[in-house]
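Okay, here's the structure, questions in a sec.
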Amino acid sequence: MSEHLAAIMEEHGEYCLRVAYLYVKDWSIAEEIVQDVFFAYYRQQNRFEQRPSLKTYLVKITVH
């Protein structure tokens with residue numbers, strides 16, 4: 001795992017986890033969702049244009 005991704009996970013992971021939990025009401029499912037979010041970001045990070053903040057971008061992926 002890259003240091004860049006690790007830093008992003010450290011900074012935004014807990015918040016994304018809480019957002020996911022609000023939707024699914026199950027911590028284990030919320031954790032899986034967040035793993036998928038960061039995997040999706042890792043695969044598509046070159047598409048991120050930094051118009052919204054990174055936190056906003058990650059939460060949008062979490063919700064969808």
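Hey, can you tell me all the residues within the stretch 24-60 that are touching a residue at least 12 places away in the same chain (Cβ under 8 Å), among the β-branched types (Val, Ile, Thr) and farther than 18 Å from Ala7 by Cα?
If the condition is that a residue be touching a residue at least 12 places away in the same chain (Cβ under 8 Å), among the β-branched types (Val, Ile, Thr) and farther than 18 Å from Ala7 by Cα, then Ile33 is the only one that fits.
Condition first: open to solvent by less than 60 Å² (accessible area, probe 1.4 Å) and not in a helix (DSSP H, G or I). Now tell me which residues in the stretch 39-51 satisfy that.
Listed by number, the list holds a single entry, Phe48.
Would you check which residues across the stretch 19-38 are under 14 Å from Val59 (Cα atoms) and not in a helix (DSSP H, G or I) and list them?
none
Among Lys55, Lys25, Lys60, which is the only one that is of a type in the set (Lys, Arg) and in contact with a His (Cβ under 9 Å, 6 or more places away or on another chain)? Show your work before the answer.
Numbers: Lys25 fails: in contact with a His (Cβ under 9 Å, 6 or more places away or on another chain); Lys60 fails: in contact with a His (Cβ under 9 Å, 6 or more places away or on another chain).
After ruling out the rest, the residue left standing is Lys55.
Would you point out the residue of the stretch 52-64, among those that are over 11 Å from His12 (Cα atoms) and β-branched (Val, Ile, Thr), that is surrounded by the most Cβ atoms within 10 Å (Cβ to Cβ)?
Kept after step one, since they are over 11 Å from His12 (Cα atoms), are these residues of the stretch 52-64: 52-53, 60-64.
Applying the additional criterion that residues be β-branched (Val, Ile, Thr) yields 61-63.
On the way: Ile61: 17, Thr62: 23, Val63: 13.
By that ranking, first place goes to Thr62.
Across the stretch 8-23, which residue is surrounded by the most Cβ atoms within 10 Å (Cβ to Cβ) among those that are among the hydrophobic types (A, V, I, L, M, F, W, C) and out of contact with any Asp or Glu (no Cβ under 9 Å at 6 or more places or on another chain)?
First, the residues of the stretch 8-23 that are among the hydrophobic types (A, V, I, L, M, F, W, C): 8-9, 16-17, 19-20, 22.
With the extra rule that they be out of contact with any Asp or Glu (no Cβ under 9 Å at 6 or more places or on another chain), the set shrinks to 8-9, 16, 19, 22.
Numbers: Ile8: 18, Met9: 19, Cys16: 22, Val19: 18, Leu22: 11.
Once the filter is applied, the top-ranked residue is Cys16.
The values are calculated or read from the model by the stated rules, or taken from the named source; none is laboratory data. Fair warning: this is a prediction, and the values are worked out from it, not measured in the lab. Reconstructed Cβ throughout: ideal geometry from the backbone, glycine too, with neighbour counts over all protein chains shown. Areas reflect the complete protein model, heavy atoms only, side chains present, ligands, DNA and RNA absent. Shrake-Rupley method; radii C 1.70, N 1.55, O 1.52, S 1.80 Å.
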